[in-house]
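J.: After the structure tokens below, expect a handful of questions from me.
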Amino acid sequence: MKVLVTGSSGLIGSEAVEYFDRAGHEVVGIDNNMRKEFFGPSGDTTWNLERLRQATRNFRPHDLDIRDRPRLADLFKQERFDLIVHCAAQPSHDKAKDLPLVDFDVNAVGTINLLETTRLHCPEAVFILMSTNKVYGDAPNEVPLKELPTRWDYARPEDYNGIREDCRIDRTLHSLFGASKTAGDVVAQEYGRYFGMKVGVFRGGCLTGEHHSGVQLHGFLSYLFKVAVAGGTYNILGYKGKQVRDQIHSTDVIAAFVEFAQNPRPGEVYNLGGGRQNSASILECVTKIEALLGRPMQTQYVDEARVGDHICYISDLSKFQSHYPNWRITRSLDQILESMAATMA
């Protein structure tokens with residue numbers, strides 16, 4: 001099988017490259033290190049590309065921009081892909097306001113460029129889009145909540161498992177990032193439903209792992225750990241630090257992609273995160289990291305939440321698990337943090 005991975009030097013992209021290379025497939029990567037352009041030197045993914053060059057046997061990276069239609073077409077004419085894993089993105093909720101046209105061109109236009117090029121040159125390929133829970137905007141904040149000592153949580157028993165795929169994606173405050181990702185998400189669904197292509201859309205919660213180039217504006221858990229190790233101060237923005245996210249390790253993300261690729265459901269949408277079992281607030285994550293490092297962490301509270309931020313977001317995994325019962329979360333939050341400690345501390 002020949003696999004194309006976009007954003008191949010990023011967290012999920014690099015995990016996909018390694019997985020499919022180990023499985024004996026031919027892997028082609030697209031990545032032009034825009035993360036460095038977005039976030040400066042701390043976002044540079046060159047280190048991860050070099051790691052992949054050393055760790056893989058049959059991986060061919062290309063410095064290519066997904067906004068460049070002619071070069072994409074040339075690549076697809078030269079190669080015939082069986083699977084496309086599309087992870088390339090402008091990934092920051094906050095950064096998008098500073099470069100709205102670039103954000104939309106990458107997240108929305110770049111996605112339709114890839115979908116249309118796939119339709120023209122390898123329409124039988126499975127196409128997986130790494131979307132985001134930010135497509136729901138702040139609609140999840142309308143779910144009734146209760147305040148606990150260290151976290152916000154859902155007040156009603158029927159919401160215990162988290163946010164489902166039937167949560168609305170319009171008439172909410174998204175951030176420009178959420179809007180551009182929503183455009184890419186919906187057009188990907190359309191290529192699955194209208195053209196009958198084998199497209200799957202995965203709305204990620206907090207994706208994490210040791211290979212994340214975490215920065216202040218993107219990559220919460222990785223960045224939090226980096227600040228703790230360096231002895232810096234972490235700014236907690238709003239909601240008393242009790243806002244909740246569910247963390248999923250990159251290996252479990254790829255395992256879900258593999259399940260879908262083996263039995264694709266055209267145009268289907270799935271929430272993908274750590275679920276209830278891997279959910280934690282910022283305060284709880286700080287406590288866990290302090291216990292791992294054996295020293296207190298410096299934090300500063302800013303009583304102003306990010307625009308359109310989620311107060312409590314847990315991915316309801318029921319739909320994906322009902323379609324693909326062999327898949328499950330294999331890395332607990334504690335195991336994820338222990339891996340970070342082993343590589344970063």
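J.: So which residues in region 38-57 are under 26 Å from residue 25 (Cβ atoms) and surrounded by 15 or more Cβ atoms within 10 Å (Cβ to Cβ), if there are any at all?
T.: 45, 48, 49, 51, 52, 56
J.: Consider residue 150 carefully, then state whether it is at pLDDT 95 or above, farther than 30 Å from residue 263 by Cβ, under 21 Å from the mean Cα position of the chain (by Cα) and of a type in the set (Ser, Thr, Tyr).
T.: Values: at pLDDT 95 or above: yes; farther than 30 Å from residue 263 by Cβ: yes; under 21 Å from the mean Cα position of the chain (by Cα): no; of a type in the set (Ser, Thr, Tyr): yes.
Against the criterion (at pLDDT 95 or above, farther than 30 Å from residue 263 by Cβ, under 21 Å from the mean Cα position of the chain (by Cα) and of a type in the set (Ser, Thr, Tyr)), residue 150 does not qualify.
J.: Name the single residue, out of those in region 297-345 being of a type in the set (Phe, Trp, Tyr) and surrounded by 15 or more Cβ atoms within 10 Å (Cβ to Cβ), that is nearest to the chain's Cα centre (by Cα).
T.: 313
J.: Continuing with this model, one more query. Could you pull out the residue among 304, 338, 290 that is within 27 Å of residue 178 (Cβ to Cβ) and acidic (Asp, Glu)?
T.: 304
J.: Could you count how many residues in region 199-256 are among the hydroxyl-bearing types (Ser, Thr, Tyr), modelled with pLDDT of 90 or more and closer than 13 Å to residue 282 by Cβ?
T.: Number of matching residues: 2.
J.: What do you reckon, is residue 10 modelled with pLDDT under 95, crowded, with 23+ Cβ neighbours inside 10 Å and small (Gly, Ala, Ser)?
T.: Yes.
J.: Are there any helices (runs of 4 or more DSSP H) wholly within region 248-345 with 2 or more residues that are within 20 Å of residue 151 (Cα to Cα), and if so which?
T.: Result: 282-293, 333-344.
J.: Hey, can you tell me all the residues within region 176-197 that are under 20 Å from the mean Cα position of the chain (by Cα) and over 13 Å from residue 107 (Cα atoms)? Let's see the steps before the verdict.
T.: Step one: list which residues in region 176-197 are under 20 Å from the mean Cα position of the chain (by Cα), which gives 176-189.
Answer for region 176-197, where residues must be under 20 Å from the mean Cα position of the chain (by Cα) and over 13 Å from residue 107 (Cα atoms): just 189.
J.: I need a count of the residues in region 55-87 that are touching a residue at least 60 places away in the same chain (Cβ under 8 Å) and within 30 Å of residue 310 (Cβ to Cβ).
T.: 5
The values are calculated or read from the model by the stated rules, or taken from the named source; none is laboratory data. Just so it is clear, the structure is predicted and the values come from calculations on it, not from any experiment. Note that each Cβ is placed from the backbone with ideal geometry, even for glycine, and that neighbours are counted across all protein chains shown.
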